[in-house]
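See structure below.
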Amino acid sequence: HDVDIPTKKATFGMGCFWSNDSLFGVTPGVIRTRVGYSGGTTKNPHYRNLGDHTEVIELDYDPKTITYEDLLKMFWANHEYGLTKKLKRQYQSLILYHEEKQQVAAESSYKVMQNQCNGQLRTEIAPAGPFYPAEDYHQKYRLQGHKDLCRSLGLDSKKLQTSHVAARLNGYLVGIGGKTQFEQDIIRLGLNEKQAEYVRREFERNEGGGLAC
Ligand code: MHO
């Protein structure tokens, strides 16, 4: 049930990458996600030694279903630690663009936001450079709490970075995306009744819950 269509990449730093991963993972048009470290110059960063890198999420999206402008709206609206606070480089608000069209769109949305924030915005916009995937335990962090479900779907550590199903479940399991969208997604994702029922129960458990890191 992996989705094989042409995609484009987008890369964002929005604070802690766990929540962003869940948020984008259930967004229609986002096909795959992975989290990692980018935006810096030091080699081979690790979670305990980030150098000058930032926690980022890298998305593969279907531009026929979702535009880069839509992704930018989500970027501005969903920062874990806000847009104007002075933060460690780890949590820098960051847009890494992959083509000139993305650069133009990012810069023009930045101007609008900077006005709204009275010039206090601290977001950086830069060309995408090397991306270092984060350690396995950070990938689909929310989904990994559900070991039996992962096992029943054959989601090994590699697939946690490449699987569409993993991206979706990582959001649904914390209540993002909504029950209605989930119900419509079950067959497309290839979930069996037992797996679907498990996710439904999690929706109920998470009712009213938020996305704290
Ligand atoms: N609030 C989380 C941040 C982790 S995120 C991967 C923590 O304190 O562990 O940076």
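The values are calculated or read from the model by the stated rules, or taken from the named source; none is laboratory data. Small disclaimer: the values here were computed from a predicted structure and weren't measured. So basically every Cβ, Gly included, is an ideal-geometry build from the backbone, and we count neighbours across all protein chains shown. The protein model used for the area step is the full one, side chains on, heavy atoms only, and it has no ligands, DNA or RNA in it. Shrake-Rupley method; radii C 1.70, N 1.55, O 1.52, S 1.80 Å.
Restricting I186, I176 to those that are over 12 Å from D21 (Cα atoms) and of a type in the set (V, I, T) reduces the list to I186. Among the conditions (1) open to solvent by 50 Å² or more (accessible area, probe 1.4 Å); (2) more than 15 Å from the chain's Cα centre (by Cα); (3) under 22 Å from T54 (Cα atoms), the only one that T180 does not satisfy is (3). Is it the case that some residue within segment 171-179 is within 24 Å of V56 (Cα to Cα) and within 16 Å of the ligand (Cβ to nearest atom)? Scanning segment 171-179, I find at least one residue that is within 24 Å of V56 (Cα to Cα) and within 16 Å of the ligand (Cβ to nearest atom), so the answer is yes.
Among the residues of segment 96-104, are any farther than 26 Å from V174 by Cβ and either hydrophobic (A, V, I, L, M, F, W, C) or within 14 Å of the ligand (Cβ to nearest atom) (or both)? For segment 96-104, residues farther than 26 Å from V174 by Cβ and either hydrophobic (A, V, I, L, M, F, W, C) or within 14 Å of the ligand (Cβ to nearest atom) (or both): present.
Any chance segment 63-70 includes a residue that's at pLDDT 95 or above, more than 21 Å from Q90 (Cβ to Cβ) and open to solvent by less than 30 Å² (accessible area, probe 1.4 Å)? Looking for residues that are at pLDDT 95 or above, more than 21 Å from Q90 (Cβ to Cβ) and open to solvent by less than 30 Å² (accessible area, probe 1.4 Å), one finds at least one in segment 63-70, hence yes. Tell me, yes or no, whether segment 101-120 has at least one residue that is closer than 23 Å to T7 by Cα, in contact with a helix residue (DSSP H, G or I) (Cβ under 6 Å, 6 or more places away or on another chain) and open to solvent by 40 Å² or more (accessible area, probe 1.4 Å). Among the residues of segment 101-120, not one is closer than 23 Å to T7 by Cα, in contact with a helix residue (DSSP H, G or I) (Cβ under 6 Å, 6 or more places away or on another chain) and open to solvent by 40 Å² or more (accessible area, probe 1.4 Å), which makes the answer no.
From the list T84, T123, the lone residue that is farther than 25 Å from I66 by Cα, more than 14 Å from the ligand (Cβ to nearest atom) and of a type in the set (V, I, T) is T84. Taking residues in segment 126-152 that are within 26 Å of I95 (Cβ to Cβ), and partners anywhere that are within 15 Å of the ligand (Cβ to nearest atom) and of a type in the set (F, W, Y), the pairs with Cβ atoms closer than 6 Å and at least 6 places apart or on different chains are Y132/Y37; E135/Y47; Y141/W18. Candidates V104, V165: the one that is over 22 Å from Y47 (Cα atoms) and in contact (Cβ under 8 Å) with a residue 60 or more places away in the chain is V165. Restricting segment 39-60 to residues that are polar (S, T, N, Q) and within 15 Å of the ligand (Cβ to nearest atom) leaves a set whose member that is nearest to D4 (Cα to Cα) is T54. Among all residues of segment 137-149, there is at least one that is touching a Leu at 6+ places or on another chain (Cβ under 8 Å), surrounded by fewer than 18 Cβ atoms within 10 Å (Cβ to Cβ) and not hydroxyl-bearing (S, T, Y).
Look through segment 12-37, keep the residues that are away from the ligand (no atom under 16 Å from the Cβ), assigned to a strand (DSSP E or B) and of a type outside the set (D, E, K, R), and return whichever of them is nearest to N78 (Cα to Cα).
V30
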